[in-house]
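Down below is the structure, laid out as structure tokens.
Just so you know, all these numbers are worked out from the coordinates, no wet-lab data involved. Remember, it's a predicted structure, so these values are computed and weren't measured experimentally. Here the Cβ is made from the backbone with ideal geometry for all residues, glycine too, and neighbour counts use every protein chain on show.
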Amino acid sequence: EGAVVAGDTVAEAFCALLQARLAYEEGDRDAILMEHTLSVTYGAGRPDETLSSSLVGFGDAQGGDSAMSRSVGLTAAAGVLRVVTPPTASLPALSGVVRPTERSVYSHCLPLLEKEGLRFQESVE
């Protein structure tokens, strides 16, 4: 405590300080938590709903993959697989900028992520 950390800039010194203080120790693991809540108003007499989707994940305490690297890396890999998968009757070709909210993307990627243990728990109220 109170040690001065050297760096060419304040940001570099701050980064060095964080690296020293926040380094994982033997047996430590990271965790991720994502929570999405949407309030939906349909109108036309249909009742409003609250949609919730959450993901909780933990890294490997034995020195394996971190939860953050799995959630980012596997998602990127699933997206790449979708882009390079040849089109079929049920899987249209992709071109230009494609969002993950397009059915042909998420319907292909989510099952791949579930096989790897990345699965959102969803509820409707």
Footprinting proxy, His36, His108: sorted fewest to most Cβ within 10 Å, the residues are His36, His108
Contour minus Cα-Cα span, Leu22 to Ala44, at 0.36 nm per residue, comes to 2.7 nm
The exposure ranking of Ser107, Ser71, fewest beta-carbon neighbours within 10 Å first, is Ser107, Ser71
Row for region 1-99, column shape: gyration tensor on C-alpha, a ≥ b ≥ c, rounded if a/c < 1.5 i.e. under 1.5, prolate if a/b over b/c, else oblate; value prolate
Put in order of increasing Cβ neighbours within 10 Å, starting from the fewest, Val84, Val56 give Val84, Val56
